[in-house]
Amino acid sequence: MPTLYLTEEYALVRRDGEDSLLVQIPERQGKNGAVLAAARKERIPLIKIDEVAVFGEITLTASALHLLLERNIEITFLGPYGQFKGRLSPPFSRNAILRMAQYRAHQDMAQRCELARRFVIGKLANQRTLLQRYQRRQVDAEMKQAIEQITALLHQLAALPVGQATMPGRLASGDNRIASTPLETILGMEGAGSAAYFQCFGKLLADPGQWPFPGRVKRPPTDPVNALLSFGYSLLTSKVASAVQLVGFDHFVGYLHSSFYGRPALALDLIEEFRPIIVDSVVLTLLNNRMLAPNDFVVELGAYRLKDEKRKVFFTRFEERLNEEIQHPVFHYKTSYLRCIELQARLLGKYLTGEIDAYPPMRIRQEKIMRSKRDGRDRRGNRSQITCYVVAYDIPDDRRRSRVHQILTGFGKWTQYSLFECFLTRKDLILLQSKLSEYLLNTEDSVRFYPLCANCIARVETIGDPPPKDEMLFIV
């Protein structure tokens, strides 16, 4: 489902009936009083969006906020430069068992270090892949050295003993007392690997002279490339935080990142694997394909930012990347990067609740996929077979149909109108049916589940039009 990006300064967002928003955009004037853009109104149907991103000085009325929360639509607030400010979310998931497992793992330093190690392995492996792709096209000694350095760090991370790690005492506030623990070593390796990667990142640009990149500079970004990276990471943090909360986690309690007050630590953990393959890729595409120019940026007090009118270019390419499909390295079916984010959160949940032996980080084109050591059994010895279900629904009411569509989007792939393909364990199937039953009216609605065997899936044929697609984004 698309995201609604609200970018027009001083716009007013109001409730418009039971199923839409009205965005009132005021007249925009120049310094001499000339009218640059006339006032206008935009009507946004809620059935077409599942998230709202608010940039800068924009007002949402209380009734508009209530309507969004009633529809389980999250609102993310960002500053004019894209800095993450906070999120307004519907009530917590009812999955208390998952959150208790999350808290236990956080208090267990050995388990926390194991997860932190895997987050960093995913990040460094994907950074190395981007550098290797460049190296295949054009041999570069500095690039080769960076690849070798990251490879050595990956080997060191894999061999790092974390099984006997212990917490250095009860913490009064925060959890940043990690000195002399394996977590401190893991953070040091992550920093060394990222430094090697960003030292060569400028070489990935087609015109380094036009886009000088001195290295990663965050607060504030002192060049256009860093401005785009920071902007993209803020958007991606919002997407990951939404996925984490959808699955049922407390996104303020993480493993690699310390859990300070108000910090979305778990979202920052999971984002690490996706930084290179989503945001860095988007930035390289925009600059190497000349979709942006140096005069598309403004400098304020030494900080660069993308001009407001050019944000649409970034939003469009960002959403296109999120909706690109790849073959998932664990489940082996095609799915979008956006769906991969949620799948990683679900895999983390399965690890924490003991359904799989290890959390497999998201690694693009990895040579060896991490599998369970028990041949289809979880840590309790139970079978966790995954079955493909074709889910078809017939629901006359627009509101209930939209809600069912949103729920199914969290479990599978939308292939036809009112039809999804979902790869589910028995536990996932029960959870999905339970969620759907909360919104269905038994006298009018119908949802059917058709299980397919492996042979049937391989013989599926498609004739005619491509699968239905949502509008990718709304920008007002």
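The values are calculated or read from the model by the stated rules, or taken from the named source; none is laboratory data. Note that the structure is a prediction, hence the values are computed from the model and not measured. Backbone-built Cβ (ideal geometry, glycine too); neighbour counts: all protein chains shown.
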Please go through the stretch 297-328 and give me each residue that is surrounded by fewer than 17 Cβ atoms within 10 Å (Cβ to Cβ), among the acidic types (Asp, Glu) and assigned to a helix (DSSP H, G or I), ordered by number. 308, 309, 320
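Taking the conditions exactly as written (at pLDDT below 85 and farther than 17 Å from residue 192 by Cβ), does residue 101 satisfy them or not?
Working: at pLDDT below 85: no; farther than 17 Å from residue 192 by Cβ: yes.
It is false that residue 101 is at pLDDT below 85 and farther than 17 Å from residue 192 by Cβ.
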Can you tell me which of (1) exposed (fewer than 15 other Cβ atoms within 10 Å of the Cβ); (2) within 24 Å of residue 274 (Cα to Cα); (3) at pLDDT 80 or above is the one residue 85 doesn't meet? (3)
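Which residue, of 39, 62, 34, is more than 30 Å from residue 221 (Cβ to Cβ), in contact (Cβ under 8 Å) with a residue 12 or more places away in the chain and of a type in the set (A, V, I, L, M, F, W, C)?
Details: 62 fails: in contact (Cβ under 8 Å) with a residue 12 or more places away in the chain; 34 fails: in contact (Cβ under 8 Å) with a residue 12 or more places away in the chain.
None of the others qualify; the one that does is 39.
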Selection from the stretch 262-281 of residues more than 18 Å from residue 187 (Cα to Cα) and in a helix (DSSP H, G or I) yields 277, 278, 279, 280, 281
Please find, within the stretch 1-27, the residue that is nearest to residue 405 (Cα to Cα) out of those that are assigned to a strand (DSSP E or B) and of a type in the set (Ser, Thr, Tyr). 3
List pairs: first residue in the stretch 126-151 and closer than 19 Å to residue 188 by Cβ, second residue hydroxyl-bearing (Ser, Thr, Tyr) and surrounded by fewer than 17 Cβ atoms within 10 Å (Cβ to Cβ) anywhere in the structure, Cβ distance under 9 angstrom, at least six positions apart or on different chains. 128/151
If we scan the stretch 366-380, do we find a residue that is modelled with pLDDT under 80 and surrounded by 18 or more Cβ atoms within 10 Å (Cβ to Cβ)? yes
Of the residues in the stretch 299-318, those that are touching a helix residue (DSSP H, G or I) at 6+ places or on another chain (Cβ under 9 Å) and either in contact (Cβ under 8 Å) with a residue 40 or more places away in the chain or farther than 22 Å from residue 239 by Cα (or both) number 10
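Please go through the stretch 3-17 and give me each residue that is without any contact (Cβ under 8 Å) to a residue 40 or more places away in the chain and either exposed (fewer than 14 other Cβ atoms within 10 Å of the Cβ) or under 18 Å from residue 77 (Cα atoms) (or both), ordered by number. So that I can check it myself, show each step before the final result.
Taking the stretch 3-17 and keeping what is without any contact (Cβ under 8 Å) to a residue 40 or more places away in the chain, we get 16-17.
The answer is 17, and nothing else.
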Checklist (1) exposed (fewer than 11 other Cβ atoms within 10 Å of the Cβ); (2) closer than 29 Å to residue 413 by Cβ applied to residue 31, failing item: (2)
Please find, within the stretch 337-357, the residue that is surrounded by the fewest Cβ atoms within 10 Å (Cβ to Cβ) out of those that are touching a helix residue (DSSP H, G or I) at 6+ places or on another chain (Cβ under 7 Å) and either free of Cβ contacts under 8 Å to residues at least 24 places away in the same chain or of a type in the set (Val, Ile, Thr) (or both). 353
Selected residue (only one of 159, 172, 192 is more than 26 Å from residue 308 (Cβ to Cβ), at pLDDT below 80 and of a type outside the set (Phe, Trp, Tyr)): 172
Any idea which of (1) touching a strand residue (DSSP E or B) at 6+ places or on another chain (Cβ under 7 Å); (2) over 26 Å from residue 344 (Cβ atoms); (3) surrounded by fewer than 17 Cβ atoms within 10 Å (Cβ to Cβ); (4) not hydrophobic (A, V, I, L, M, F, W, C) is the one residue 42 doesn't satisfy? (3)
For residue 332, the lone unmet condition from (1) part of a loop (DSSP other than H, G, I, E, B); (2) of a type outside the set (A, V, I, L, M); (3) modelled with pLDDT of 80 or more is (3)
When (1) farther than 17 Å from residue 365 by Cα; (2) of a type outside the set (D, E, K, R); (3) in the same structural domain as residue 105 (by TED's automatic domain parsing) are applied to residue 353, the one that fails is (3)
Could you tell me whether the stretch 258-270 includes any residue that is closer than 21 Å to residue 225 by Cα, without any contact (Cβ under 8 Å) to a residue 24 or more places away in the chain and assigned by TED's automatic domain parsing to the domain that holds residue 184? no
